[in-house]
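In what follows, a structure is listed as structure tokens, so that the remarks can point back to it.
The values are calculated or read from the model by the stated rules, or taken from the named source; none is laboratory data. As the structure is a computational prediction, the values presented were derived from the model and not from experiment. Cβ placement follows ideal geometry from the backbone for every residue including glycine, while neighbour counts extend to all protein chains displayed. Only protein heavy atoms, including side chains, enter the accessible area calculation; ligands, DNA and RNA are left aside. Shrake-Rupley method; radii C 1.70, N 1.55, O 1.52, S 1.80 Å.
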Amino acid sequence: MGEDAEEFKKPHRARSAGKKAQKKKEKGQDKKSLKHDPTTAKERNPKAFSFQSSVSAERQFRRTQDLDTKKQHAPLIDRTPLEPPPIVVAIVGPPKVGKSTLAKCLIKNFTKQNVTSIKGPVTLVSGKKRRLTIIECNNDINSMIDIAKIADLVLLLVDAWFGFEMETFEFLNICQVHGFPRIMGVLTHLDYFKQNKQLRKTKKTLKHRFWTEVYAGAKLFYLSGMVHGEYQRMEVKNLGRFISVMKFRPISWRNQHPYVLADRMEDNTEVELIRKNPKCDRNVCFYGYLRGIHLKPDMGVHIPGVGDFIMDDVSKLPDPCGLPNTGDKKMKRSLNEREKLVYAPMSGMTGVVYDKDAVYVDLKKSGNAEATHSEAKSLVETMQGQKETLDTKLEEATMRIFSSDVPLLSNEVQYEEEDSSPSSGICEEIIAADDGRRRRKVIFNDEDTNGVAEAEESDDEGELGGLFRVSKPGKLKLPKSGPWDEIDCSVYTPAGTKDVVSRDWSNEEVRESIKDCFVTGQWKSHEDARSLLKMDDDEEVFGDFEDLQTGEVVKAEDEGMRVVEDKPEMEKTAAEKRLEKKRKLKEMFDAEYDDKDPAGTYFDDLKKQMEMQAQMNRAEFEGMDENLRLQFEGYRPGLYIRIELKGVPCEFVEHFDPTYPVVIGGLISGEENTGYVRVRIKKHRWHKKILKSRDPLIISLGWRRFQTMPIFSAQDVGLRNRMLKYTPEHVHCYAHFWGPVTPQNQGFLAFQSLEGRQAHFRIAATGAVMDLDKTAAVVKKLKLVGTPLKVYKKTAFIRGMFTTCLEAAKFEGAAIKSVSGIRDIVFVRTWYEVTVPKFYAPLQTLCLAPSERTKWQGMRTVREIKRERGIKAEPNPDNLYTPIERTLKQLPRWTIPKSLQRQVPYKDKPKYAPSNPGIPVEKKRIAVIREPEEEKANELIRSLKMMRREKQFTEKEKAKTKRREYRKQLQKAEVKQIQRVKNLKKRIFKEVSRMNKKPT
């Protein structure tokens, strides 16, 4: 019955009349009116937003100001060009964590291409305005340092099943010193966890530790598992989305220096020089995108791991992986397959590569490529199959002027040097793209066909800068033979004609035939350029438009007449209502947050000033010719350039490994010099040993890595640098060393060895450059000790303090101190200047074999040499603790004056011994000499005593043995007795338990 009542229960009906309904209706109307009210809630009801307590309001205000101030940073000039270079994405982590797999998955996500092996940088197009350069970091501290200096984004891979490894923390400390890039963590091997509880706990622990090292809230991705040898597609896609939209802040060192990450290297040394001397220096060309600031041709460069060089030649090359053309009016949300370019010459993922003096064509093995480029492929294969050079063929070629003449050889023909164009089979065509870049396209010319008309046509198109519409005309077929010497190259020759016919451009009909090829012509039957341009102009000047602020629509009925009408609320479309709503919301937001302080803050003014300066820098050379701009401005960031260096060691070319990054860093004025560098240094808290002065230390400063011998010091109150033998614990100190000149406040790190097999933390110390000088004023305390030789009133002659007269002359006027007057020890306290060793040895690790790069050994410490040779350090005898031998002082005999002896009691009066006491009794004794018989008797008695002692000792030993055996027997008997009692108790307890079990 109750269930039926619940089923047929009447629903609640809202009241439609009465006070309650009227109140709700008014309340709803108030809410609707508030939606269209431009004023804010604070403006409508200011009393509700006023503070109740002045103390809490002050605290809230302080907290707000603190948060705003923490967000502020020193603004930097944005030097990013209009077409920025690719963003360097470094994949870092210990071995066997999935770095190569992640790189392959990211490349496949962006380009839809499978990569078998990755060697060196891989550049790809990830969006309409963004390119990426993906590079994998080796498990080598040299590679980690180079990657940290150039990476914009770091994907830090961590094996979640194993946990954090030492390489991860070492890389994070390297990044903190050389400019912290954007870092995203990636946890792998999560499929090893079988229990979800353990997985969640591990994720939480690793996340909080990662936040401690990087910053709170750092992004951490999880790769849950692998499917068919690849990470899951959606996880990689989400990671790619974060990479595509991430923003970067310029780093000071990169914002002041140009640098190039080489993605290709070529040895251009003459073969004959290498044949004569295989160990000769090489001429090497490096290719890559320029980053940082503008590169001047006369700048010096440094390659970490190789050394300093002067650029022999710098040239600009076409971009092998350019951004897609954005000149099309149709906005695209994604890239098509043609625009998803990838460029990795060291990994074999290239198409056509343009060089300054050569062109390289990579023939694809897929069927589509063969079908599309069959003609080009056959031509290239024909050129590759030639066994003779072009010069040899030209020398052997013959020519007949008339059919009845004898054939003439090439050396019998005299040429007139009128045309200086190259005679090679490959030429280039310069095409102006819509975004203003100039690209060179390869054109292959056959030996049997003549390409004069094609070359002239392509040159005309390039010179006109794209005034003609780009089309794909058919091949120009001209007769193989004809009076070519009589043809004027400036005359247009139509395609498909059998005879050479010249056109008279002064004729009106001839000009009308090509009128539609220009912008003002009629391109199609329904598109007339003149009418379209007129329609565009009319729409701009006299067209209809809508005022979004007032909602008024202005229509053009007659020329020069405008009618204004208000569009009713009901006639507005959904899009117009949505735009009006967004406009009001934006006005409310602006009224609450923007323009609170009309004058603005100093920070805002500084940012605006920086932005204006950046715009002025970009607009300075915009309308200038490209070649002239390169001469004035230099090579700007984002260009693909070719750098040629001479004098490169041959070992670099012989042991070149593309998996190690090659960075060409530019040196600004003064950084090529060396001098005394004063730095502030602190031993790393995770490094086990303290550092000692004059011990060799490997330092990474700027672009360079070198070994030097620092002298540690502390600054006194009088600004005196006092030498320290060791670095203090958990406190900064100063250090002086001989090294390259580097700008102030530049961070550096130091380590003692390059070996990766060390279990402890390798980074020994970190710090920053303080100042540079040609001298190093480091002193240590010196205490000179001497003893007075002759003293006369206030004058004393000291000995043992100085060794030469010149040394004594240096200390004229010095303050002399003594312990207890001038008659005791005398010493002088002074300061002695310490000489900083001029030792600077750059690391040339890239000139070693890959297996020997982590075993590089420079100058060794004395401790390492002694340990290797098994030499023990002999202690200084003065530093050893020896027993103190004190000699008794012989005091003089105490004598009492005779005047006092009379008053002294008798017992205290001195007793005078005889003046000649005589000979002592011991000396008066006479020596006794025994007879031989007495000697024999004494010897016999001595032997008997010895035998007796031996017999007593033997008897004692036998007694001890008997007692020992007796104790053993007693122990055995005691054990048997205990066992017997235990067995008896067992029988008794069994009987008792049996009796208790019997029924009563």
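Considering every residue within the stretch 752-766, establish whether at least one is under 22 Å from the mean Cα position of the chain (by Cα), among the acidic types (Asp, Glu) and at pLDDT below 90.
Yes.
Go through the stretch 242-265 residue by residue and tally those that are open to solvent by less than 40 Å² (accessible area, probe 1.4 Å) and without any contact (Cβ under 8 Å) to a residue 60 or more places away in the chain.
0
Identify, from the list Lys42, Lys108, Lys96, the residue that is at negative phi and open to solvent by 70 Å² or more (accessible area, probe 1.4 Å). Steps first, please.
Working: Lys108 fails: open to solvent by 70 Å² or more (accessible area, probe 1.4 Å); Lys96 fails: at negative phi.
Checking each option against the conditions leaves just Lys42.
For every residue, the table says whether it meets (1) of a type outside the set (S, T, N, Q); (2) open to solvent by less than 100 Å² (accessible area, probe 1.4 Å); (3) assigned to a helix (DSSP H, G or I).
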| site | (1), (2), (3) |
| --- | --- |
| Gly918 | yes, yes, no |
| Ala937 | yes, yes, yes |
| Leu940 | yes, no, yes |
| Lys945 | yes, no, yes |
| Glu950 | yes, no, yes |
| Phe953 | yes, no, yes |
| Ala959 | yes, yes, yes |
| Arg980 | yes, no, yes |
| Leu984 | yes, yes, yes |
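Any chance the stretch 278-290 includes a residue that's of a type outside the set (S, T, N, Q), assigned to a loop (DSSP other than H, G, I, E, B), closer than 21 Å to Ala151 by Cα and open to solvent by 20 Å² or more (accessible area, probe 1.4 Å)? I'd like the intermediate steps shown before the answer.
Just the residues of the stretch 278-290 that are of a type outside the set (S, T, N, Q), to begin with: 278-282, 284-290.
Of the ones still in play, those that are also assigned to a loop (DSSP other than H, G, I, E, B) are 278-281.
Remaining after also requiring closer than 21 Å to Ala151 by Cα: none.
No.
Looking at this structure, is Lys907 at pLDDT 90 or above, out of contact with any Leu (no Cβ under 6 Å at 6 or more places or on another chain), open to solvent by 70 Å² or more (accessible area, probe 1.4 Å) and not in a strand (DSSP E or B)? Give the derivation first.
Working: at pLDDT 90 or above: no; out of contact with any Leu (no Cβ under 6 Å at 6 or more places or on another chain): yes; open to solvent by 70 Å² or more (accessible area, probe 1.4 Å): yes; not in a strand (DSSP E or B): yes.
Judged against the criteria, Lys907 is not a match.
Any idea which of Phe180, Phe171, Phe210 is surrounded by fewer than 18 Cβ atoms within 10 Å (Cβ to Cβ) and not basic (Lys, Arg)? Reasoning before the result, please.
On the way: Phe171 fails: surrounded by fewer than 18 Cβ atoms within 10 Å (Cβ to Cβ); Phe210 fails: surrounded by fewer than 18 Cβ atoms within 10 Å (Cβ to Cβ).
Exactly one of Phe180, Phe171, Phe210 is surrounded by fewer than 18 Cβ atoms within 10 Å (Cβ to Cβ) and not basic (Lys, Arg), namely Phe180.
So, in the stretch 213-225, exactly how many residues are among the charged types (D, E, K, R) and either open to solvent by less than 80 Å² (accessible area, probe 1.4 Å) or farther than 11 Å from Ile183 by Cα (or both)?
If we filter the stretch 213-225 for residues that are among the charged types (D, E, K, R), which is where we start, we get 213, 219.
Add one more test, that the residue is either open to solvent by less than 80 Å² (accessible area, probe 1.4 Å) or farther than 11 Å from Ile183 by Cα (or both), and what stays is 213.
So the count comes out to 1.
Going through the stretch 82-93 one residue at a time, which ones are in a loop (DSSP other than H, G, I, E, B) and surrounded by 14 or more Cβ atoms within 10 Å (Cβ to Cβ)?
Kept after step one, since they are in a loop (DSSP other than H, G, I, E, B), are these residues of the stretch 82-93: 82-86, 93.
Within the stretch 82-93, Glu83, Pro84, Pro85, Pro86, Gly93 qualify.
So that you can scan it fast, the table gives a plain yes or no per residue for (1) open to solvent by 50 Å² or more (accessible area, probe 1.4 Å); (2) in a strand (DSSP E or B); (3) closer than 17 Å to Phe839 by Cα:
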{"residue": "Leu719", "(1), (2), (3)": "yes, no, no"}
{"residue": "Arg722", "(1), (2), (3)": "yes, yes, no"}
{"residue": "Glu729", "(1), (2), (3)": "yes, no, no"}
{"residue": "Phe737", "(1), (2), (3)": "no, yes, yes"}
{"residue": "Thr742", "(1), (2), (3)": "no, no, yes"}
{"residue": "Asn745", "(1), (2), (3)": "yes, no, no"}
{"residue": "Leu749", "(1), (2), (3)": "no, yes, no"}
{"residue": "Leu754", "(1), (2), (3)": "no, no, no"}
{"residue": "His760", "(1), (2), (3)": "yes, no, no"}
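Among the numbered conditions (1) in a helix (DSSP H, G or I); (2) without any contact (Cβ under 8 Å) to a residue 40 or more places away in the chain, tell me where Leu239 comes up short.
Every condition holds for Leu239 apart from (2).
Counting only residues that are open to solvent by 20 Å² or more (accessible area, probe 1.4 Å) and in contact (Cβ under 8 Å) with a residue 24 or more places away in the chain, how many does the stretch 116-158 have?
Total satisfying the criteria: 11.
Out of all the residues in the stretch 618-658, which are acidic (Asp, Glu) and assigned to a helix (DSSP H, G or I)?
Glu620, Glu626, Glu633, Glu651, Glu654
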